[in-house]
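Following: one structure in structure tokens, then a few remarks.
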Amino acid sequence: MGVIGWLDANLVSIVDGVAYGLLLFTLAAGLSLVFGMMDVLNLAHGTLYLAGAYLTFLLSGGGWLGFFAAIAAGIAIGAAGGVLLTAMTQPLAGRGHLDQALLTIGVALIGAEVFLALSGGDPLPASEPAALDGSISLLGHVYPTYRLVFIGVAALLALLVYLVFERSTLGALVRAAVADREMVQALGVDTRKVLLAVFAFGAALAAVGGVLGAPIIGPAPGVDESVLVLSLVVVVVGGLGSIRGALLGALYIGQVQSLGVALIPEYAPFLLFGSMFLVLALRPRGLAPVARPA
Amino acid sequence: MSELNRRGFLRLTGAAAATSVLASACSGSSLGGSEADAGGPVKIGLLLPDAGVYKGLGDDQRNGWKLFLEQNGGKLGGREVKVVTADEGEEPDTAKAGAEKLLKQERCQAVCGVISSGSLVAIQEMFTAAKVPLISTNASPTQVQGKEYGWRTSFVNDHPSVAFGEYLAKNVGGPISLIVADYAAGHDHIKALDTSFKPAGGELAGKPILAPFPIGGRSFQPYLQQIEKQKPKAVYCFFAGADAVKFVKEYKKFGLADKYQLYAPGWLTEGGVLAAQGEAAVGILNSLNYSTDLDNAANQKFVSAFTKAYDQPPTAFSVAAYDAGLVLDRAIAAAGEKATAEAIERQLGKLGEIDSPRGAWKFGQNRSPVQKWYLRKVEKRGDAITNVVIEELGTPGE
């Protein structure tokens, strides 16, 4: 079997790995920035995804209007959640990471219980717009239409986030605040506003990830926790505080979980953490760490 | 700063994992308490999950149990009943705490409930030692069968596959791929096909495919690709709960549903999961011990009463809980004045045929139902997606 034959046999896994990776990026980007900038480990990040996925169930009945309403509501609720989390975690800023982690775990547990009360414990149907609810032929392979569209949309979103954070003046300010907060403060910038904006943005991105991702990873009890663990792995692999790292890490984990499992299914249980270990052994600071003063 | 951040981050991630472990380990229970009054009402415990992933099934069962009591004026065997509840939770530890409360603190004469197989394995010995009958309304792993003071009104975990084996061997007309959730129940179904499907001439297209349990945030796609590589004629799978929803949807979206007929134990498409699967489930052939369209008098009465009371159709889960009321009603009536735990245990063994909405069944040697299993097909009727009985598959354990 030549290269072409191999690509043909595994095409669906590779494409699905990209979809999966981009979905993880929407979560990991916010998680990474918030920790990198604010030293806040937000363990309620998965709850934001779940909230977004729940919105899709609630608002999207198969029409475009409902789906866009879910996206708008996702942005609003995600951003509000980010502001709320900032307000909750800031008073603990001086008390170390563990207190923040306990607080956000508490928020996550409450979120999970609220979801359980709303859903009655059953996984909920969250549908894509009916126009995308089919499958199409991808070089002779059947592939879900929605996932292909999702790849396009999420790639645009990733590009946008990348350009804003890595190529704009605003992004330079944010990156400077990640690298050396005191110095930026000394330049007369109110870093608290920058931090609040970044938290709100990261949270909104996770919630929108939930809205868009619901037809792929739907709202069900426990989903908040599993996406949180995956995005933590992505952040560790990619390097803290860096959008480029989050993107590289997400695409890498996406392929590991898709192509990797398809090629060596017997090692599937070890692949996720095995591949994380591999990255940590070779690049201890992640694939694309932020440059910081020593 | 960066190194400190990184180490702190890793440590916190670990701490986060440890906290959730601790939280579940801290749920103890107090002992001692009131003595059940010998001449007073019969005290029955109900051990079902109040929260967690099994809450939906727990609600289904609470409804079935409540319906039986309401239809019988709150009495079992003509005696007043005091129902005390405890939370099964999600883990064996919470189930143990709940069982301890019902046995030692409340001193129940019998206990019904238990959704998760893991819970039942953890608590059956407690009941056998305390000599109090435990009637499982759902959980029934193969390793607890036949123990004293342990009964099931549900099924035996692997019976749908045992019942299905011969049918598959005769009707599929080619090798099948087998894909299951990788935990005890999934492996039970692999073994069940070994004893029924293979002797009848059935052939597997390749090694059984083990998908992680639970699938959580992962995708089934790489496992669906394993099926494609095996080039089967049809596919047999075992999944339940959220995994069942995800599997059925992806099986359809990645085009496998149009190529390989899907067969499965009926939990794949029963109750809440079927609503979430929607049209993706149409056409799936499955085997279960109950279907709302079963044509018998007890079932017609049950379905209309249940639908009226709860505004939704009953499921196999609600029937099993309803039947727990049914068997206790008859056992307590037969025990007469002295309905002690031991007397109820003795009478449960002498019940004979039970006239249930699922059709007549009786307890077998293993203290689980000997009952008919039905081949059902998921169909779209108007706006509703529902299971329709096609034919009878047989009576495993007879």
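Leaving ligands and nucleic acids out of the surface, order B:T94, B:T137 by accessible area at 1.4 Å, largest first.
B:T94, B:T137
First measure r as the distance between the Cβ atoms of B:K104 and A:L98, then evaluate 1/(1 + (r/R0)^6) with R0 = 35 Å and state the FRET efficiency to the nearest 0.05.
0.40
For segment B:196-297, which GluC sites (Glu not before Pro) are in a loop by DSSP, counting at most 13 other Cβ atoms within 10 Å?
B:E203
Who wins for biggest fluctuation among B:A184, B:A343, B:A169 in a Gaussian network model of chain B, springs between alpha carbons below 10 Å?
Sorting by GNM fluctuation, first place goes to B:A184.
What accessible surface, in Å², does a 1.4 Å probe find on A:V256, ignoring ligands, DNA and RNA and rounding to the nearest 10?
20
Long-range amide H contacts for B:Y290: which residues qualify at under 5 Å (H placed 1.01 Å from N, peptide plane, sequence gap of 5 or more or a different chain)?
Counting only residues 5 or more places away or on other chains, the set is B:Y374.
What list of whole percents do you get for P(r) of segment B:187-276, with Cα-Cα distances grouped in 10 Å bins up to the one holding the largest distance?
The percentages, shortest bin first, are 15, 50, 31, 4.
Once you've got the Cα coordinates, tell me which of B:K308/B:K362; B:K96/B:K246; B:K43/B:K96; B:K43/B:K131; B:K338/B:K362 are over 21 Å apart.
The pairs that break the limit, which is 21 Å between Cα atoms, are B:K308/B:K362; B:K96/B:K246; B:K338/B:K362.
Report, by chain and number, residues whose modeled amide H sits under 5 Å from the one on B:E88, excluding near sequence neighbours (fewer than 5 apart, same chain).
B:L48, B:D50
From largest accessible area down, sort B:Y236, B:Y167; use a 1.4 Å probe on the protein chains.
In descending accessible area the options line up as B:Y167, B:Y236.
Whole-Å semi-axes of segment B:166-233's equivalent ellipsoid, largest first, each the root of 5 times a Cα gyration tensor eigenvalue?
Those come to 23, 15, 7 Å.
Under the rule a/c < 1.5 gives rounded, and otherwise a/b versus b/c splits prolate from oblate, where does chain B land using the Cα gyration tensor?
Since a/c reaches 1.5 but b/c is at least a/b, the shape of chain B is classed as oblate.
In a GNM of chain B with a 10 Å cut-off on Cα contacts, which of B:G73, B:G98, B:G45 has the highest mean-square fluctuation?
Maximum fluctuation in the GNM of chain B, among the listed residues, is at B:G73.
Mind putting together the pair-distance distribution for segment A:19-67? All Cα pairs, 5 Å bins, whole percent per bin, short to long.
5, 18, 19, 20, 19, 10, 6, 3, 0
If each of B:K131 and B:A360 carries a label point 7 Å out from its Cα toward its Cβ, how far apart are those two points in nm?
Each label point is offset 7 Å from its Cα along the Cβ direction, giving 3.4 nm.
Quick one: pull the percent of accessible area on chain A belonging to carbon and sulfur, 1.4 Å probe, ligands and nucleic acids left out.
Taking all protein chains in place, chain A shows 73 percent carbon and sulfur surface.
Compare B:A234, B:A129, B:A139 in a GNM of chain B, Cα atoms joined below 10 Å, and give the one with the largest fluctuation.
Residue with maximal mean-square fluctuation among B:A234, B:A129, B:A139: B:A129.
One quarter of the convex hull surface, Cα atoms only: what value does that give for the protein assembly as shown in nm²?
31.8
Which net charge results for the neighbourhood of B:Y260, defined as the other residues with beta-carbon distances under 12 angstrom from its beta-carbon, given Lys and Arg at +1 and Asp and Glu at -1?
Net charge in that neighbourhood comes out at +2.
Among A:V161, A:T191, A:V227, whose Cα projects farthest towards the positive end of the dipole of chain A, with charges put on the beta-carbon of Lys, Arg (+1) and Asp, Glu (-1)?
Among A:V161, A:T191, A:V227, the one farthest towards the positive end of the dipole of chain A is A:T191.
Please go through segment B:89-169 and write out the GluC sites (Glu not before Pro) that DSSP classes as loop and that have at most 15 other C-beta atoms within 10 Å.
In loop regions of segment B:89-169 (DSSP not H, G, I, E or B), the sparsely surrounded GluC sites (Glu not before Pro) are B:E148.
Between A:L278 and B:E379, what FRET efficiency comes out of the Förster formula 1/(1 + (r/R0)^6) with R0 = 56 Å and r the beta carbon distance, rounded to 0.05?
Efficiency for this residue pair is about 0.70.
Averaged over all directions, how much area does the convex hull of the C-alpha atoms of segment B:69-122 cover when projected, in nm²?
Computing the convex hull of the Cα atoms and averaging its projections yields 4.2 nm².
Taking every pair of alpha-carbon atoms in segment B:274-381, what share in percent sits in each 5 Å bin, from 0 to the bin with the longest distance?
Distribution as computed: 2, 11, 18, 20, 17, 14, 9, 5, 3, 2, 0 percent.
Amide H of A:G63 versus every other amide H placed in the peptide plane: which residues, excluding those fewer than 5 positions away on the same chain, fall under 5 Å?
A:A130
Projected area of chain A, taken from the Cα convex hull and averaged over every viewing direction, in nm²?
16.7
Each residue of segment B:335-345 in turn: what ³J(HN,Hα) in whole Hz from Karplus with 6.51, -1.76, 1.60 and θ = phi - 60°, glycine and Pro shown as x?
3J(HN,Hα) across segment B:335-345, in whole Hz: 6, x, 4, 9, 7, 7, 4, 5, 5, 4, 4.
Under the definition of Cα pairs under 8 Å and six or more residues apart, what whole-number percent is the relative contact order of chain B?
In percent, rounded to a whole number, it is 17.
The values are calculated or read from the model by the stated rules, or taken from the named source; none is laboratory data. Please read these numbers as outputs of a predicted model, since none were measured by experiment. Here Cβ is always computed from backbone atoms with ideal geometry, including for glycine, and neighbour counts include all displayed protein chains. The accessibility values were calculated without ligands, DNA or RNA, using every heavy atom of the protein model including side chains. Shrake-Rupley method; radii C 1.70, N 1.55, O 1.52, S 1.80 Å.
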